[in-house]
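What follows is a short report on a single structure.
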Amino acid sequence: MQIRVLGCHGADCLVDGTERLVRQESCGFLIDNSVLLDGGTIGTRLTLAEQCRIRFVLLSHLHFDHIKGLPLLADNLAEWFVEPVTVAATEPVIQGLIDHVFNDKVYPNFFQLPSREHPILQARVLHPGKSVVFGHLEVIPVAVNHTVPTVGYVVKDGEAALLYSGDTYQTEDIWSLGQTTPELKAAFIEASFPDELGKLAQKSKHLTPSLFLKEFQKLRRPSLPVYAYHMKPPYQVQIKEEISRLGIERVGFLEEGQIIQL
Ligand SMILES: [Zn+2]
Ligand SMILES: [Zn+2]
């Protein structure tokens, strides 16, 4: 399984890198060129040809930083699509997209354009805990603990599996599933705020570095590679420092442009 990181932060921001300015963007992960995990970043990182190869978009929740690339993906594909792109998410997320985004006010309803019979986007409702097959991947959505209905995902390709936490505060079910997934090769776990903003993290239902550690430990796989993501750009230096001090065996930080092979 190849995972290409299009965006992996909790917002968009241009920040100072070691040599030049670096663009940090909200969450979008392209799996094996055809399945997109969250849609925060799409068109700013992919050519039109690459966007045309996307067959499925799996959304974790309705928050803007996870869906904002989707309307413009549909727009780009309008003249080029052959088969509809499946947008897979739980019912409240699909309904929210139709009510609040593709409502012919904020943006055209690409679930019915160019025609109801052959639209650019087609919805697929997911149910937490129920496994679904998308192309060559098996995907299991698992409800997590955020301010709006949210799922994380376990994604399997027959050889390897990835655990994606989604935006979450302290939670249980996804770690139980991770424990019973022997082919699990990596976990992406969110870490949005530094420890000193613990109250804000609790209120907005996100993790801090010390909670990141507690959640990771629930997997009972201390040697598993674990990657922090969804860092809010203004705090990313501090968050990285705090996570690096936790003594986790194989911890990394996702970066835009990174390719992870599982
Ligand atoms: Zn988010
Ligand atoms: Zn969120």
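Rule-based calculations on the coordinates, nothing more; no lab input. If you're wondering where the values come from, they're calculated on a predicted model, not measured in any experiment. Counting neighbours? That spans all protein chains shown, and the Cβs are built from the backbone with ideal geometry, glycine included.
Pairing each residue of the range 132-153 that is free of Cβ contacts under 8 Å to residues at least 40 places away in the same chain with any residue that is of a type in the set (Gly, Ala, Ser) and away from ligand 1 (no atom under 14 Å from the Cβ), provided the two are 6+ apart or on different chains, yields C-beta distances under 7 Å for Glu138/Ser131; Ile140/Ser131; Val142/Gly129. Among strands (runs of 3 or more DSSP E) entirely within the range 114-202, having at least 1 residues that are away from ligand 2 (no atom under 16 Å from the Cβ) and among the small types (Gly, Ala, Ser) singles out 121-126, 161-164, 184-190. Scanning the range 131-152 for residues that are more than 16 Å from ligand 1 (Cβ to nearest atom) and among the polar types (S, T, N, Q) turns up just one, Ser131.
Applying the criterion of being over 16 Å from Glu91 (Cα atoms) and among the small types (Gly, Ala, Ser) to the residues of the range 124-162, the residue that is surrounded by the most Cβ atoms within 10 Å (Cβ to Cβ) is Ala161. Of all residues being among the aliphatic types (A, V, I, L, M) and in a helix (DSSP H, G or I) in the range 51-83, which is farthest from ligand 1 (Cβ to nearest atom)? Just the residue, please. Only one residue fits best here, namely Leu77. Determine if the range 239-256 includes at least one residue that is more than 17 Å from His61 (Cα to Cα), in a loop (DSSP other than H, G, I, E, B), in contact with a strand residue (DSSP E or B) (Cβ under 9 Å, 6 or more places away or on another chain) and aliphatic (A, V, I, L, M). Checked against the condition, which is being more than 17 Å from His61 (Cα to Cα), in a loop (DSSP other than H, G, I, E, B), in contact with a strand residue (DSSP E or B) (Cβ under 9 Å, 6 or more places away or on another chain) and aliphatic (A, V, I, L, M), the range 239-256 yields at least one hit.
One residue is enough: does the range 84-93 have a residue meeting the conditions in contact (Cβ under 8 Å) with a residue 24 or more places away in the chain, within 16 Å of Leu254 (Cα to Cα) and surrounded by 15 or more Cβ atoms within 10 Å (Cβ to Cβ)?
No - not one qualifying residue is present in the range 84-93.
Of Asp12, Asp16, Asp32, Asp65, all but one fail to be in contact with a His (Cβ under 9 Å, 6 or more places away or on another chain), more than 18 Å from Val132 (Cα to Cα) and surrounded by fewer than 24 Cβ atoms within 10 Å (Cβ to Cβ); the exception is Asp65.
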